[in-house]
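The values are calculated or read from the model by the stated rules, or taken from the named source; none is laboratory data. Computed from a prediction, not measured in an experiment: that's the story for all the values here. Reconstructed Cβ throughout: ideal geometry from the backbone, glycine too, with neighbour counts over all protein chains shown. Remember, those area values only see protein heavy atoms, side chains included, never the ligands or the DNA or RNA. Shrake-Rupley method; radii C 1.70, N 1.55, O 1.52, S 1.80 Å.
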Amino acid sequence: MTHSTPTVLLTLALLLAGPAPALLSRARWPSRVPRAALVLWQSLALSALLSALGAGASAGAMVVAYDHPSVVLVVLHASALLLTLVVLARLLWSAHVLGMTLRTRRRRQRHLVDLVARTDGRAPGVHVLDAGRPLAYCIPGLPSRLVVSSPALDDLADDEMTAVLEHERAHGRARHDLVLEGFGALHNAFPRFVRSRTALDSTSGLVEMLADDAARRRAGDVPLARALVRLADAPAPAGAMAAGAVTPAARIRRLTEYELTRRELTDAPVVTSLAYLTAAALVIVPTVAVAAPWLAAVAAAL
Amino acid sequence: MVGRTRLGELERVIMDQLWTLDSPATVRQVHEALSDSRDVAYTTVMTVLDRLARKGSVEQIRDGRAYRYRPAVSRDELTAELMHQALDTVDGSDRMAALLRFVGSASADDADAIRAALAELENGRPEQSPGRAESDRTDGTAGSPP
């Protein structure tokens, strides 16, 4: 067991980092049960990361298993350990840099909004900007701020505005910004030629769907769809297209495809349960089956 | 003591004041203009002006032993900066949006697809009139604008 540990973990890490995200991003069921799918994405990322770090650490530590290791062996194992530390350091650095950048930009946004936005009786608690284009967004933070431009406030009917505000409040309540920040940090940590935007794009789409579902519950499908049409209609200046895998049209089509149920478990119990089970297994099984015996073996060898 | 939200609100009121004035104002002038409408201490006004200066929103001009303050940017410029940041969500694949927009801007092609999708949603549910049927159904939930 001990000698195969690095190989098993490395294989697992490669599977979880390559084919698994590709499959999951192409699957159709996540848009039906976005919450379960988001949990699965998070567990996939965590498991891939722990497997990769575990593979490096166990390979590096394996050198203690030899009675008289040659110089080549020692160098080889030390390199594995070093690589692992580099990966870990890059990850921590990337998380730090992204966190600082986002917080600085959000602080500036909050400051500016506090200076120039006004309140409006039609949308209590919302910061209204007298700007030229219809627009609605949320500045994440505690508390998050909802910002709406005056053309948006003028153009949208009451129930459409309710849908918009509930969508943004759902982002703030569920701290979707933190979920995306985690995937952003993970994405930025890897060199340009190996990384892909799959996980980041898919999870960005899923949080939009979750917020859409909150808006449907409060305002209904049609007002939400109309609000999407009105606010997406604004002609985009070149280079300002929204990123992400889910287009406004896809979000509206999703409203037609899936009826909203009170809880996703009652809607698609099998799919949801399988997603949660897989998510739990991804984190627990490698830990129990691979890492724990290896740790025990190392402890015994020492 | 003055809470953080109160300071934020004062920043806004003081900026409004400076924007309406033609010439750089002293702390005393700002304080006097404010004290008509609210109970605020002179030192608080000074603190807030100092905060605004550190954030780059006002400029301090030395005038003898005192400072005079004037807006570093106009209200329109600040609004433009906000809008620019809000719309400019991606200018490279590495950059992550700091804000969560309700919906991104669409191209002309997307706009057609969006309208087609809406038509399908509205036609697929003939029991609902295009009016306010949806909101009537979910009426009674708290938080709707009046």
Quiz item: Across region B:43-61, what is the total count of residues that are more than 14 Å from chain A (Cβ to nearest Cβ) and either surrounded by fewer than 13 Cβ atoms within 10 Å (Cβ to Cβ) or part of a strand (DSSP E or B) (or both)?
Solution: 4
Quiz item: Of all residues in region A:69-126, how many are outside any helix (DSSP H, G or I), closer than 30 Å to A:Asp177 by Cα and open to solvent by 30 Å² or more (accessible area, probe 1.4 Å)?
Solution: 6
Practice problem: Mind listing just one residue for me: the one in region A:205-236 that is touching a helix residue (DSSP H, G or I) at 6+ places or on another chain (Cβ under 7 Å) and open to solvent by 30 Å² or more (accessible area, probe 1.4 Å) and, of those, modelled with the highest pLDDT? | Solution: A:Arg218
Quiz prompt | Whichever residue in region A:158-179 is closer than 22 Å to A:Ser47 by Cβ and either facing another protein chain (nearest Cβ under 7 Å) or β-branched (Val, Ile, Thr) (or both) and, among such residues, is farthest from the chain's Cα centre (by Cα) | solution = A:His176
Quiz item: Out of the residues in region B:80-108 that are more than 7 Å from every other protein chain (Cβ to nearest Cβ) and modelled with pLDDT under 70, which is surrounded by the fewest Cβ atoms within 10 Å (Cβ to Cβ)?
Solution: B:Gly92
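Can you say whether B:His31 is more than 30 Å from B:Arg101 (Cα to Cα) and assigned to a helix (DSSP H, G or I), as far as the supplied structure shows?
Spelling it out, B:His31 is indeed more than 30 Å from B:Arg101 (Cα to Cα) and assigned to a helix (DSSP H, G or I).
Out of curiosity, is B:Tyr67 more than 24 Å from the chain's Cα centre (by Cα) and crowded, with 16+ Cβ neighbours inside 10 Å?
When the stated conditions are applied, B:Tyr67 passes them.
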Practice problem: Sort out which residues of region A:126-152 are among the aliphatic types (A, V, I, L, M) and out of contact with any strand residue (DSSP E or B) (no Cβ under 6 Å at 6 or more places or on another chain), and write them in order of number. | Solution: A:Leu142
Self-check item: Top-ranked residue of region A:4-24 - restricted to ones that are at pLDDT 90 or above, loosely packed, with under 15 Cβ neighbours inside 10 Å and over 16 Å from the mean Cα position of the chain (by Cα), ranked as nearest to A:Ala291 (Cα to Cα)
Solution: A:Thr11
